[in-house]
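A short worksheet on the structure shown next.
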2 protein chains.
Amino acid sequence: MSHFTPNTHRTFTIIKMKRSLEQIEYKEDTEALAKFAKALGHPTRIAILKHLENQSCCFTGDLVDVLPISQSTVSQHLKELKNAGLIQGELKPPKIKYCINQENWKIAKTLFQQFFD
Amino acid sequence: MSHFTPNTHRTFTIIKMKRSLEQIEYKEDTEALAKFAKALGHPTRIAILKHLENQSCCFTGDLVDVLPISQSTVSQHLKELKNAGLIQGELKPPKIKYCINQENWKIAKTLFQQFFD
DNA sequence: TTTGTTTATCGCCAATAGACGATTAGATTA
DNA sequence: TAATCTAATCGTCTATTGGCGATAAACAAA
């Protein structure tokens, strides 16, 4: 798969984290919540998502302008958010428009709500 | 400070993450949310907090019995949750009773709620 | 075809995270 | 005092994270 094919319609799947030689297993909801939380566990990624919430969508370049880090680092954070299923990319050559993945956003929201009662 | 003095009345403070040689700065709420999320970003820690929510409180040993990992690893995860301000320990010699830190729990809950709209 | 624009990937590095067994250290009890 | 119980810390190891500059790749336009 080319790096220029940003999984526009990728669906969210739970891939258990590697933690030890013998896999340690937890309930699916626990894994899912931890995965979302991990993706949110960096200020840059929070900032990206807040920006996407405001603008509804934006290009990578916009984020690079706003954030105090390099283009390659922004790209890495976008990749992590994409892998976690929280955002999705839409090809608008030569740019890529990133948006919140509403479907998974709802799932994450629900998981956090349930978790905090 | 002894390892047996588990910061029973420790209050939650934001300590910015080290990320680069030149510090990268974000808004305080962004940092705080990322810090909470990072603490939640591991299934073991989610499991611990869920257990504490059910039992309201419990001893380290109870968690060691329930979780598929060693005592030392459990202790490390407890330390991280304590540093993030999500739990607190109460001395019940020779045991330590851990509970949710309700004050900071509310703060975290609010931050996540606001974040998800 | 070549050039320009945009963004992902690569390679590198330092720091952090996560696991474990072994040890240490409070506190209680014998 | 000595033995016991509990839980934190230490030391070690491997894997992951997060940063950067440089490069490569996709596409548009000249």
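Here, each number is a calculation from the coordinates, and none is a lab measurement. If you're wondering where the values come from, they're calculated on a predicted model, not measured in any experiment. Note that we place each Cβ from the backbone using ideal geometry, even for glycine, and neighbour counts take in every protein chain shown.
Quick look at the numbers
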quantity	calculated
Sequence-distant residues sharing a close amide H with B:ILE69 (under 5 Å, placed H)	none
Nm distances between copies for B:ILE69, ranked from closest, using label points 7 Å along Cα→Cβ	2.4
Linear extension gain, A:LYS109 paired with A:LYS92, 0.36 nm per residue minus alpha-carbon span	3.3 nm
Length added when fully stretched, B:LYS79-B:PHE59, from 0.36 nm per residue minus Cα-Cα	5.8 nm
Prolate/oblate/rounded call for region B:69-116, Cα gyration tensor, a/c under 1.5 rounded	oblate
Partner chain coverage, peptide B:107-114 - average Cβ within 10 angstrom	3
Peptide A:57-68, shielding by other chains (average Cβ, 10 Å cutoff)	1
Filter on A:LYS50/A:LYS109; A:LYS35/B:LYS109; A:LYS79/B:LYS109; A:LYS35/B:LYS95; A:LYS92/B:LYS35 - keep pairs with C-alpha separation over 24 Å	A:LYS79/B:LYS109; A:LYS35/B:LYS95; A:LYS92/B:LYS35
Net +/- balance of residues flanking A:HIS51 in space, Cβ distance below 11 Å, scoring K and R +1, D and E -1	-1
Global geometry of region A:28-115, whether rounded, prolate or oblate, following the gyration tensor of its Cα atoms and the 1.5 cut on a/c	prolate
Partner chain coverage, peptide A:40-53 - average Cβ within 10 angstrom	6
